[in-house]
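Structure first, then comments.
The values are calculated or read from the model by the stated rules, or taken from the named source; none is laboratory data. If you're wondering where the values come from, they're calculated on a predicted model, not measured in any experiment. Heads up, the Cβs are rebuilt from the backbone with ideal geometry, glycines too, and the neighbour counts pull from every protein chain shown. We work out accessible area using only protein heavy atoms, side chains counted, and drop any ligands, DNA or RNA first. Shrake-Rupley method; radii C 1.70, N 1.55, O 1.52, S 1.80 Å.
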Amino acid sequence: MPTIAVIPGDGIGKEVMPFGVQAVDVAARRHGLDVEFDHFDFASAEYYQEHGRMLPEDWKTVLGSYDAILFGAVGCPAVVPDHVSLWGSLLQFRRHFDQYVNLRPCRILPGITSPLRDKGPGDVDFLVVRENTEGEYSNSGGIMFEGTQREFAMQETVMTRVGVDRVMEYAFDQAMKRRRKVTSATKSNGISITMPYWDRRFSAAAVRHPEVETDQFHIDILTAHFVQHPEWFDVVVASNLFGDILSDLGPACTGTIGVAPSANINPTGEFPSLFEPVHGSAPDIAGQGIANPIGQIWSGAMMLDHLGAEDCGKEIEAAIESVLRAADTAVLTPDVGGTGNTETLGRAVIEALN
Ligand code: GGG
């Protein structure tokens, strides 16, 4: 029986999570799989207000005992500075549980209108593979001479050979299961040490995988190509920061970031992997009950795939697609042109699963 730690977090994470849990539960039960869920209130602004920190002291042992983690969103800037909440929770999970791959699939779903001219389902289908434990998210640096005219802030980027090679390897493996093409995001003309290093490791990976077509673009023109030629891409491998940016841009090009799922994977299986929608806590719409629950539900499907229940994951994706294809505006959330809400869309997907 797989055991799942459920952490809704902040803002709309709390609103969409019930539908993620329910979808996983319904799909699993249909296949005779009993999934056990335990809910945790930490990694939230409320927990921080009460305890002065984002996580309990024993979080590594507690979460480490689960098969997977289903996460909502973190961030409540009115209560906790964003870098404190992120570094106090999600980034700790990714690092401690060595979830070095962040998989962010991106495709136009039926019934959703892409802002890209002439693009519909089937035209955009790529996978961003984001390095998830180092790079620009090093947390190494400092501020000196604070409050004086000489004040400065500095932060380093860390790229280790092991860290870069393992995410490259994962990206090429994914490409072998798809259309056999990997694109690397770089900026080696401006960032003159770490990015040329990234490029060299990418070339070395390409030599190891001659059956995979490769190309690379500087991140600035790559963002333009995402918008103008999304059909060029199959697997896109990127550093922590570039991958984060591309995996918000990608779903925005497919219609809405609200449907985008992600998987923070520990490929060795030594630690639990974590599944979360790409979107954050969205303080601007939190409390209104209008957040799109599909990113959370689809993340649940990715979790089931990862746990070996691929049929369950596929059924959830099919349920999502059937609801979107029906395009009932009273059901859909406003981000996809509907007049419905989290409840109507979440319920429709669960009903489609039943
Ligand atoms: N569910 C995703 C989430 O809560 N994101 C908050 C955030 O700011 N994430 C930054 C990151 O993924 O690096």
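Sort 289-297, 108-116 by packing, meaning the average of other beta carbons within 10 Å per residue, with the highest value first. Kindly include the intermediate steps, with their values, before the conclusion.
Values: 289-297: 27.3, 108-116: 18.1.
Those peptides, ordered most packed to least, come out 289-297, 108-116.
Towards the positive end of the charge dipole of the chain, with charges on Cβ (+1 Lys, Arg; -1 Asp, Glu), say which of ALA330, ILE69, THR148 has the farthest Cα.
THR148
Using only the heavy atoms of the protein chains and a 1.4 Å probe, how would MET154, MET176 rank by accessible area, largest first? Please report the intermediate quantities before stating the final value.
Working: MET154 100, MET176 65 Å².
From most accessible down to least: MET154, MET176.
Would you mind putting 32-39, 129-136, 159-166 in packing order, based on average other-beta-carbon counts within 10 Å, highest first? Before the final figure, lay out the partial values.
On the way: 32-39: 13.2, 129-136: 24.1, 159-166: 15.8.
Listed from highest to lowest mean packing, they are 129-136, 159-166, 32-39.
For segment 14-80, what is one quarter of the convex hull surface built on the Cα atoms, given in nm²?
The directionally averaged projection comes out at 5.1 nm².
Modelling each spin label as a point 7 Å along the Cα-to-Cβ direction, I'd like the VAL79/GLU270 distance in nm, to one decimal.
Here the modelled spin labels are 3.4 nm apart.
Given R₀ = 25 Å, FRET efficiency for ARG178-VAL62 by Cβ-Cβ distance, to 0.05? It would help to have the intermediate numbers written out before the result.
Details: r = 36 Å, r/R0 = 1.43.
Given R0 = 25 Å and the Cβ-Cβ separation, E is 0.10.
Give me the net charge of ASP41's neighbourhood, meaning all other residues with Cβ under 12 Å from the Cβ of ASP41; Lys, Arg count +1, Asp, Glu -1. Mind dumping the intermediate values first?
On the way: positive: LYS14; negative: ASP10, ASP38, GLU46, GLU50.
Neighbourhood net charge equals -3.
Taking the Cβ of GLU343 as the center, what net charge do the other residues with Cβ under 13 Å away carry, scoring Lys and Arg +1 and Asp and Glu -1?
Working: positive: ARG347; negative: GLU15, GLU351.
It works out to a net charge of -1.
Take every DSSP beta bridge whose two residues both sit in the chain, then give the antiparallel share in percent to the nearest 5. Write down the numbers at each step before the final one.
On the way: 19 of 44 bridges.
Restricted to the chain, the bridges split so that about 45 percent are antiparallel.
Quick one: dipole size for segment 56-113, taken about the Cα centre, charges +1 on Lys/Arg Cβ and -1 on Asp/Glu Cβ, in debye to the nearest 20.
Roughly 280 debye for segment 56-113.
If I stretch the segment between GLN288 and GLU213 completely, what's the gain in nm (0.36 nm per residue apart, minus their alpha carbon distance), one decimal?
Details: separation 75, 0.36 × 75 = 27.00 nm, distance 4.57 nm.
Using 0.36 nm per residue and subtracting the Cα-Cα distance, I get 22.4 nm.
Evaluated at 37 °C with a viscosity of 0.692 mPa s, what Stokes-Einstein diffusion coefficient in µm²/s does the chain have when Rh comes from the Kirkwood expression over alpha-carbon pairs?
Details: Rh = 20.8 Å.
Roughly 158 µm²/s, to the nearest whole number.
Work through the residues other than ASN264 whose Cβ is under 15 Å from its Cβ and net out their charges, Lys, Arg +1 and Asp, Glu -1. Before the final figure, lay out each step's value.
Values: positive: ARG94, ARG95, ARG104, ARG130, ARG166; negative: ASP67, ASP98, GLU131, GLU134, ASP244, GLU270, GLU276, ASP305.
Result for the local shell: -3.
Using the Cα atoms of segment 248-329 to build a convex hull, what is its mean projected area in square nanometres?
Here the figure is 6.5 nm², rounded to one decimal.
So if I place +1 on the C-beta of Lys and Arg and -1 on the C-beta of Asp and Glu, and nothing else carries charge, what would the dipole magnitude of segment 210-309 be about its Cα centre? I want it in debye, nearest 20. Present the calculation step by step, with values, prior to reporting the outcome.
Details: 0 positive and 12 negative charges, 74 e Å.
Taking the Cα centre of segment 210-309 as origin, the dipole is about 360 debye.
Magnitude of the Cβ-charge dipole of the chain, K/R +1 and D/E -1, about the Cα centre, nearest 20 debye? Intermediate results must be reported in sequence, preceding the final value.
Working: 27 positive and 48 negative charges, 169 e Å.
In debye, rounded to 20, the chain gives about 800.
Give me the percent relative contact order of segment 69-144, please, defined on Cα pairs under 8 angstrom at least 6 residues apart.
Numbers: 66 pairs, mean separation 20.9, N = 76.
With pairs under 8 Å counted, the relative contact order is 27 percent.
What does the convex hull of the alpha-carbon atoms of segment 176-314 project to on average, in nm²?
Numbers: hull surface 42.4 nm².
With every direction weighted equally, the projected area is 10.6 nm².
Select from ASN240, PHE37, GLN228 the residue farthest towards the positive end of the dipole of the chain; place +1 on Cβ of Lys and Arg, -1 on Cβ of Asp and Glu, and compute about the Cα centre.
GLN228
Calculate the FRET efficiency for ASP220 and ALA318 from the Cβ-Cβ distance with a Förster distance of 45 Å, rounded to the nearest 0.05.
Values: r = 38 Å, r/R0 = 0.83.
Efficiency, from the Cβ-Cβ distance: 0.75.
Could you pull out every whole DSSP H run in the chain that spans at least 15 Å of Cα extent along its own axis and averages -1.0 or higher on the Kyte-Doolittle scale? Please report the intermediate quantities before stating the final value.
Values: long enough: 12-30 (28 Å, 0.29); 161-176 (22 Å, -0.12); 194-208 (21 Å, -0.53); 240-254 (22 Å, 0.57); 294-306 (18 Å, 0.44); 310-326 (24 Å, -0.13); 342-353 (17 Å, 0.55).
Sorted by number, the helices that extend far enough and score high enough are 12-30, 161-176, 194-208, 240-254, 294-306, 310-326, 342-353.
Straight-line reach from LYS119: which lysines fall under 27 Å, measuring Cα to Cα and dropping same-chain residues less than 8 apart?
Within the straight-line limit of under 27 Å, LYS119 reaches these lysines: LYS177, LYS181, LYS314.
Of all DSSP beta bridges in segment 150-307, what percent run antiparallel (nearest 5)? All intermediate terms of the calculation are to be shown ahead of the outcome.
Details: 4 of 13 bridges.
Beta bridges within segment 150-307, antiparallel portion: roughly 30 percent.
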